[in-house]
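*Asks:* First the structure, which I've put down as structure tokens, then a few questions once you've had a look.
The values are calculated or read from the model by the stated rules, or taken from the named source; none is laboratory data. Remember, it's a predicted structure, so these values are computed and weren't measured experimentally. No Cβ is skipped: glycine too gets one built from the backbone with ideal geometry, and neighbour counts run over all protein chains shown.
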Amino acid sequence: MHYWLMKSEPDAFSIDDLARKGVEPWDGVRNYQARNFLRDAMRTGDGVLFYHSSCETPGVAGIAEVAGAARPDPTQFDRRSAHYDPDSPREAPRWWLVDVRFVRKLAHPVTLETLRRDRRLGDFALTRRGNRLSVLPVSAAQWRLILDHAQEHA
DNA sequence: GCCAACGTTGGC
DNA sequence: GCCAACGTTGGC
């Protein structure tokens, strides 16, 4: 069992959108490091922190889980998609996705500010200087600490 | 293989 | 809207 954090701009796709849809293919990831996490490391049932980025209050807005094995991202072959990649070979797809299932929305999001302030989180990919990864690993200890923050406000 | 130019991410 | 940080591209 592993844990992850996945970023989404709520204007494009929010935790409420995931709540409505139930399961969503996490397409459009076009970074090799993030691709490797999706394709090689994620397993069905892994925990996902759903993070809202590029918004008024960035932070963890909800919980999701990996709903299935990685599969090629169909948008890379779709000429009309913003994520079309003409250089990706059909027989060896470059970009992969996993399906993500809604678990619950946090009554009180755990803000980036809170995450930065909590020194107990230690070395955390999210708050590393210059980090731009949209899919990143979270340790079991970090997962617990972050959910504790959500609980404190309950 | 180097590196400048460019595009993107994402906080502020 | 600004800008720092970073990944990618392409000329040489």
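*Asks:* So for segment A:116-128 (the condition being of a type outside the set (Asp, Glu) and in contact (Cβ under 8 Å) with a residue 60 or more places away in the chain), does at least one residue qualify?
*Replies:* Narrowing segment A:116-128 to residues of a type outside the set (Asp, Glu): A:116-117, A:119-122, A:124-128.
Now drop any that are not in contact (Cβ under 8 Å) with a residue 60 or more places away in the chain, which leaves A:125-126.
For segment A:116-128, residues of a type outside the set (Asp, Glu) and in contact (Cβ under 8 Å) with a residue 60 or more places away in the chain: present.
*Asks:* Every residue in segment A:54-93 that is surrounded by 14 or more Cβ atoms within 10 Å (Cβ to Cβ) and of a type in the set (Ser, Thr, Tyr), please.
*Replies:* A:Thr75, A:Ser81, A:Ser88
*Asks:* Then there's this: Restricting the first residue to segment A:87-114 and requiring it to be polar (S, T, N, Q) and modelled with pLDDT under 95, which pairs with a second residue that is part of a helix (DSSP H, G or I) and surrounded by 21 or more Cβ atoms within 10 Å (Cβ to Cβ) meet a Cβ separation below 6 Å and a spacing of at least six or different chains?
*Replies:* A:Ser88/A:Gln76
*Asks:* What is the one condition in (1) within 16 Å of DNA strand C (Cβ to nearest atom); (2) over 25 Å from A:Arg20 (Cα atoms); (3) hydroxyl-bearing (Ser, Thr, Tyr) that A:Thr114 does not satisfy?
*Replies:* (1)
*Asks:* So A:Asp16 passes all but one of these: (1) more than 16 Å from DNA strand C (Cβ to nearest atom); (2) touching a Phe, Trp or Tyr at 6+ places or on another chain (Cβ under 8 Å); (3) not aromatic (Phe, Trp, Tyr). Which condition number does it fail?
*Replies:* If we test A:Asp16 against (1) more than 16 Å from DNA strand C (Cβ to nearest atom); (2) touching a Phe, Trp or Tyr at 6+ places or on another chain (Cβ under 8 Å); (3) not aromatic (Phe, Trp, Tyr), just (2) comes out false.
*Asks:* If you don't mind, there's one more thing I want to ask. Considering only segment A:70-77, I want to know if a residue exists there that is acidic (Asp, Glu) and within 16 Å of DNA strand B (Cβ to nearest atom).
*Replies:* In the first step, residues of segment A:70-77 are kept if they are acidic (Asp, Glu); the result is A:73.
So of that shortlist, the ones also within 16 Å of DNA strand B (Cβ to nearest atom) come out as A:73.
Yes, segment A:70-77 contains a residue that is acidic (Asp, Glu) and within 16 Å of DNA strand B (Cβ to nearest atom).
*Asks:* Sort through A:Tyr51, A:Tyr84 and tell me the only one that's free of Cβ contacts under 8 Å to residues at least 12 places away in the same chain and within 13 Å of DNA strand B (Cβ to nearest atom).
*Replies:* Numbers: A:Tyr51 fails: free of Cβ contacts under 8 Å to residues at least 12 places away in the same chain.
Residue meeting the stated conditions: A:Tyr84.
*Asks:* Take A:Leu136 and decide whether it is outside any helix (DSSP H, G or I) and under 18 Å from A:Ile15 (Cβ atoms). Can you show your working first?
*Replies:* Details: outside any helix (DSSP H, G or I): yes; under 18 Å from A:Ile15 (Cβ atoms): yes.
In short, yes.
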